[in-house]
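Report on one structure; see the data block that follows.
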Amino acid sequence: MKILVGVKRVVDFNVRIQVKADGSGVATEGVKMSMNPFDEIAVEEALRLKEAGKAEEVIAITIGPKASQEQLRTALAMGADRAIHVETDEDVQPLTAARILKAITDKEEPKIVMLGKQAIDDDNNQTAQMLAALANWPQATFASKIDVDGDSANVTREIDAGLETLSIDLPAVISTDLRLNEPRYVKLPDIMKAKRKPIETFTIAELGIEPAAAVKVLKTSAPAARQAGIKVASVDELVAALKEKGLI
Amino acid sequence: MAKVLIIAEHDGKKLNGSTARVMTCAQGLSAESVEIAVFAAEGAAVAEQAAAISGVTKVLLIENPANEHATAAILAPQIEALASEYSHVLAPSTTFGKDLTPRIAAHLAVPQISDIMRVESPRIFDRPIYAGNAVITVEAPEGIVVGTVRTASFSEAEKTGSATIEKREINVELPSHTRFVKLETSGSADRPDLQAAAKVVSGGRGVGSTENFKVIYDLADKLGAAVGASRAAVDAGFIPNDHQVGQTGKIIAPELYMSFGISGAIQHLAGIKDAGTIVAINKDPDAPIFEIADFGLVGDLFEIIPELEKALA
Ligand SMILES: Cc1cc2nc3c(=O)[nH]c(=O)nc-3n(C[C@H](O)[C@H](O)[C@H](O)COP(=O)(O)OP(=O)(O)OC[C@H]3O[C@@H](n4cnc5c(N)ncnc54)[C@H](O)[C@@H]3O)c2cc1C
Ligand SMILES: Nc1ncnc2c1ncn2[C@@H]1O[C@H](COP(=O)(O)O)[C@@H](O)[C@H]1O
């Protein structure tokens, strides 16, 4: 079986982003970009399924500008077999991303589409569920353990109440949580090898997709800052301060 | 005028406090009606709790053995069957709502607004991006507005209502491709719920071990507080995952948040920005958590906690 893995190019999680003064967005020029951390986990999980003999091919897909190919190369260096780049300079929101992924899914017929639970730029947490809806497939979001057994899988999900296990028929969409695995480091020879692996490119028009109605961003602002507090010198001082506020 | 449908979150017996928070958000929509849908196997008790939330016009109770567990693939088609009667479909931005609502939005061919933190108008909302380091004001396009509500941004609505409860049957085909197997909870049911607690005591990697976490639990019990944790503490296996606070864990807004041995990574801070008072105890004077703490105390948590307990006794 094939596994299709979503790979989004996002601002690296270590970067402290800055809101532009004119409210037009977040400054991304010259900022370090990386693969969305949840997608790295998705790639890793797909590779582990392949290494365990449960999958034959791992295909990485990104939707984004030309530069997103860097993230595809990372996925290929990690071990993905080939990659698909749906090239666009537009801002692609989850419903459109899901429609694009649906079109590729129809073409490639993977048994599992493995996506991150959320992209850490827009924190939407929607694309996997939307793709599952469009395909009328099962979804198992926020996965922390995946056991594939023939035509079904048991997936443990991290939910507010604890750990929930679902049994789902394949094909299905699974979204990854942080504790699913620890992604491998790529080694230099793998990076060299990845350069020879194929990347197929499409435009959105070529896929025959209608972009979905979009949410319009009216402005971007900095969040309300918390007042800087004080350092207290002792437990007594802390307790007195909390008592004064009526907190203890 | 807006007609709002709220999807209740519950465990079959108890309505989750998140539902009353979504109600407060819905009050900002100048709605003509706000209805709450309870999907359950047997949901009379939950429906009654929902009917008591002030401002609710009507509670819809949809009972079906298939609704015993909140499984998105099973709930979504039923909600879609109802949706055309409403202008807004809202659920809390908890793992329950996050899992469910995008599935509905996709079938309705509308985008979703995730983590609504402020209502500017019935179609214009503020929501956080980049772990809360920026806020965008967004406008929903034409069609039904499907959204999740960031529970830490809204308080629970009062419970002085007595809305009517109407049983509904929804006859749509439900898929059999998704089956509930089990739910493992961490068994801290006798402690306050992290997302609803007025006080939270939280431990990080600095706590060092599962055994050491006992000091965090003991202090929490003394204060009547819930217990939280950083991702590093959860990853190290000190404490189960449902205690994680932050961008990818729970977003909370207690009156008092006390952190011990947590450095204050932006992903952790994303979960506590709405806390009333933040207290940080860390042995590193340069730990970033001190930049946002109202009261910081530099020192070893294993020395400070016993002193605190003495002072509180
Ligand atoms: C995509 C993504 C999402 C993430 N989501 C989350 C999230 O939701 N929540 C979250 O918490 N993290 C999250 N993280 C992880 C986050 O980046 C940090 O790694 C994590 O919060 C660090 O946890 P910590 O503060 O406990 O550990 P550390 O950063 O290791 O800090 C431990 C602190 O303990 C102090 N300390 C040690 N011993 C003592 C002592 N005896 N007394 C007092 N102080 C002591 C040290 O000085 C240090 O400051 C996420 C990361 C990524 C990439
Ligand atoms: N532009 C994109 N390219 C590739 N994958 C994407 C893209 N957008 C979203 N995804 C996938 O969907 C997941 C969830 O994204 P989101 O719904 O935007 O939070 C991501 O972790 C990716 O796996």
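Does at least one position in region B:145-162 carry a residue that is over 22 Å from B:G17 (Cα atoms) and over 22 Å from the mean Cα position of the chain (by Cα)? No, region B:145-162 has no match at all. Residues in region B:105-134 that are of a type in the set (A, V, I, L, M, F, W, C), within 11 Å of B:V145 (Cα to Cα) and within 8 Å of another protein chain (Cβ to nearest Cβ): B:A105, B:A109, B:V110, B:I113, B:I124. The strands (runs of 3 or more DSSP E) falling completely within region A:145-208 that include 2 or more residues that are in contact with a strand residue (DSSP E or B) (Cβ under 8 Å, 6 or more places away or on another chain) and either acidic (D, E) or without any contact (Cβ under 8 Å) to a residue 24 or more places away in the chain (or both) map to A:152-159, A:162-169.
Among the conditions (1) more than 25 Å from B:V146 (Cα to Cα); (2) within 14 Å of chain B (Cβ to nearest Cβ); (3) more than 21 Å from the chain's Cα centre (by Cα), the only one that A:P223 does not satisfy is (1). Scanning region A:70-88 for residues that are surrounded by fewer than 20 Cβ atoms within 10 Å (Cβ to Cβ) and either of a type in the set (V, I, T) or touching a His at 6+ places or on another chain (Cβ under 6 Å) (or both) gives a single hit, A:T88. Which condition number in (1) surrounded by fewer than 22 Cβ atoms within 10 Å (Cβ to Cβ); (2) without any contact (Cβ under 8 Å) to a residue 40 or more places away in the chain; (3) touching a Lys or Arg at 6+ places or on another chain (Cβ under 9 Å) is the one that A:A140 fails? Among (1) surrounded by fewer than 22 Cβ atoms within 10 Å (Cβ to Cβ); (2) without any contact (Cβ under 8 Å) to a residue 40 or more places away in the chain; (3) touching a Lys or Arg at 6+ places or on another chain (Cβ under 9 Å), A:A140 violates only (1). The set of residues in region A:209-248 being closer than 18 Å to B:L256 by Cβ and assigned to a strand (DSSP E or B) consists of A:I230, A:K231.
Rundown of residues vs (1) within 16 Å of ligand 1 (Cβ to nearest atom); (2) more than 9 Å from chain B (Cβ to nearest Cβ), yes/no style:
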{"site": "A:D91", "(1), (2)": "no, yes"}
{"site": "A:P94", "(1), (2)": "no, no"}
{"site": "A:A97", "(1), (2)": "no, yes"}
{"site": "A:L101", "(1), (2)": "no, yes"}
{"site": "A:D106", "(1), (2)": "no, yes"}
{"site": "A:K111", "(1), (2)": "no, yes"}
{"site": "A:G116", "(1), (2)": "yes, yes"}
{"site": "A:D121", "(1), (2)": "yes, no"}
{"site": "A:A132", "(1), (2)": "no, no"}
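A count restricted to region A:2-16 and to residues that are within 14 Å of ligand 1 (Cβ to nearest atom) and either closer than 15 Å to A:A60 by Cα or surrounded by fewer than 19 Cβ atoms within 10 Å (Cβ to Cβ) (or both) stands at 6. Residues that are within 21 Å of A:D12 (Cα to Cα), in contact (Cβ under 8 Å) with a residue 40 or more places away in the chain and of a type in the set (S, T, N, Q) occur in region A:92-99; there is at least one. Applying the criterion of being near ligand 1 (Cβ under 6 Å from one of its atoms) and touching a residue at least 40 places away in the same chain (Cβ under 8 Å) to the residues of region B:287-313, the residue that is farthest from the chain's Cα centre (by Cα) is B:F302.
Just a yes or no: is a residue in region B:137-145 of a type in the set (S, T, N, Q), at the interface with chain A (Cβ under 10 Å from one of its Cβ atoms) and either farther than 29 Å from B:L312 by Cα or not in a strand (DSSP E or B) (or both)? Yes, because at least one residue in region B:137-145 is of a type in the set (S, T, N, Q), at the interface with chain A (Cβ under 10 Å from one of its Cβ atoms) and either farther than 29 Å from B:L312 by Cα or not in a strand (DSSP E or B) (or both).
When the residues of region A:204-220 are filtered to those that are under 24 Å from the mean Cα position of the chain (by Cα) and within 7 Å of chain B (Cβ to nearest Cβ), the one that is modelled with the lowest pLDDT is A:A212. Restricting attention to region A:32-52 and to residues that are hydrophobic (A, V, I, L, M, F, W, C) and under 11 Å from A:I3 (Cα atoms), the residue that is farthest from ligand 1 (Cβ to nearest atom) turns out to be A:L49.
Sort out which residues of region A:2-31 are away from chain B (no Cβ under 11 Å) and at positive phi, and write them in order of number. Matches in region A:2-31: A:G30 only. Tell me yes or no: at least one residue of region A:180-201 is surrounded by fewer than 18 Cβ atoms within 10 Å (Cβ to Cβ) and of a type in the set (F, W, Y). Yes. Residues considered: B:G228, B:G203, B:G237, B:G249. Of these, the only one that is of a type in the set (G, A, S), closer than 23 Å to A:G162 by Cα and surrounded by fewer than 19 Cβ atoms within 10 Å (Cβ to Cβ) is B:G237.
The values are calculated or read from the model by the stated rules, or taken from the named source; none is laboratory data. These numbers were taken from a predicted model, which means no experiment stands behind them. All Cβ positions, even for glycine, are placed from backbone atoms using ideal geometry, and neighbour counts span all protein chains on display.
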